[in-house]
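Following: one structure in structure tokens, then a few remarks.
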Amino acid sequence: MKHYPRVAVVILNWNGRFFLEKFLPSVYNSRYPNVEFVIGDNSSTDDSLLFVEENYPTIRVIRNPSNLGFAGGYNAILEQVEADYFVLLNSDVEVTESWIEPIIDYLEQHPNIAAAQPKIKAYHDKDMFEHAGAAGGFLDTYGYPFCRGRLFDSVERDMGQYDDNYEVFWASGAALFIRSSRWKEAGGFDADFFAHMEEIDLCWRLKRMGYGIAVVSDATVYHVGGGTLSASNPKKTYLNFRNNLVMLQKNLPFLPACWIIFVRMWMDLLALLKFLADGKFRDAWAVSRSHQHFFVYFFRNAKKRRSYKQTMSTAGMYTKSIIWSYYVNKIRKFSSLKGDNFK
């Protein structure tokens, strides 16, 4: 008889009545025999919890006393959940019936893999990959994230070109499967990130601990994207630039961190000037604020640096600049990147 590990699917909610009403039915109808569904609420002010309690009374609801953001919110909620595997699922995701079992089977067969994601495709165009994760996350030598199936704003159509189970650098927080033991061992998300890049930081720490991260393409979900902060939101710009610098500071060896952060400062300046040229003054100010924050909290974040004895898996690391490949060499597809530039 097949063993089914205990799985907890946890959706973090903040004023998400619309998304819960639209997508919770697909999640609730997931075909996996040993699953608990949890709504973790970040002190919503709408009627989303009333909707859940009236329509899905068997779903467990856990309330945070205030809005702790994506990172802090999940940290607080998962302290109260017991399972072999946690699935962190965005509220704006539609799932297929059999999306859980292929990933759990893969993780059970690969004990060194700490976390994984399904293929993430666009809800509004289901033949296309979606920005937040696509077919697995990668990182270039300067800390810029990109995906199989998505380089910056160039998103590929899914034609089966990435239909394999593959070790990557990071798995998307939109649909993140993680062993509960590894979540606890790594300390969960860095709550100071609030939102954006916290999953990349977590995956990097897990890799430094000697574990692997994977994408399991036998499972697929459909993500709306931008459900909390739209792509043009200056707060999102601020969080992305700030958190990326902090992530580099925390996870790179000291000397490489000094050099790469120095280069990134100049690259960020170019981004700031581009925002100004495009008339996006609030985004330009957000980049400046991210740098100010980085230096103000430099020593506090330096205390978060940890040394690990294990040899880090370099799978998913691109040894070149994805900025150069994309903007100068005009590469628009992941498959066009040269394989010998990956570790």
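Bear in mind that the values in this text are calculations on the coordinates, not laboratory data. This structure is a prediction, so every number in the text was calculated from the model and none was measured. Here Cβ is always computed from backbone atoms with ideal geometry, including for glycine, and neighbour counts include all displayed protein chains.
Some points to look at:
- Of the trypsin sites (Lys or Arg not before Pro) in the range 20-70, those whose Cβ has at most 12 other Cβ within 10 Å and which sit in DSSP loop: 31
- For residue 22 and residue 303, the difference between the fully extended length at 0.36 nm per residue and the C-alpha to C-alpha distance is 96.9 nm.
- For residue 165, residues with placed amide H under 5 Å, excluding near neighbours: 217
- Anisotropy class of the range 286-343 from Cα gyration tensor, a/c 1.5 cut: oblate
- Positive minus negative residues near residue 124 (Lys, Arg vs Asp, Glu; Cβ under 12 Å): -3
- Dividing the summed -39500 (n - 2.57) terms of all DSSP H runs of n ≥ 4 by the residue count of the chain sets its mean residue ellipticity at 222 nm at -11000 deg cm²/dmol.
- Rounded tilt (10° steps) of 254-277 against the dominant C-alpha axis of the chain: 90 degrees
- Legend: calculated FRET efficiency, residue 34 to residue 67, from the Cβ-Cβ distance at R0 = 25 Å, rounded to 0.05, equals 0.20.
- In degrees, nearest ten, helix 198-208 long axis to first principal axis of the chain (Cα): 80 degrees
- Rounded to the nearest Hz, the phi-derived 3J(HN,Hα) couplings of the range 322-329 under the Karplus curve 6.51 cos²θ - 1.76 cosθ + 1.60 (θ = phi - 60°) are 5, 4, 5, 4, 7, 8, 9, 7, where x marks glycine and proline.
- Overall form of the chain per C-alpha gyration tensor (a/c, 1.5; a/b vs b/c): rounded
- Cut-off 15 Å (backbone N to label point 7 Å along Cα→Cβ of residue 292), residues of the range 243-279: none
- For the pair the range 97-155 and the range 186-215, the centres of their Cα atoms are 15 angstrom apart.
- Pairwise FRET efficiency - residue 324 versus residue 124, Cβ, R0 = 45 Å, nearest 0.05: 0.90
- Each Cα pair under 8 Å and six or more residues apart adds its separation to the average, and for the range 135-179 the resulting relative contact order is 41 percent.
- The chain: relative contact order in percent, alpha carbon pairs under 8 Å with at least 6 residues between: 18 percent
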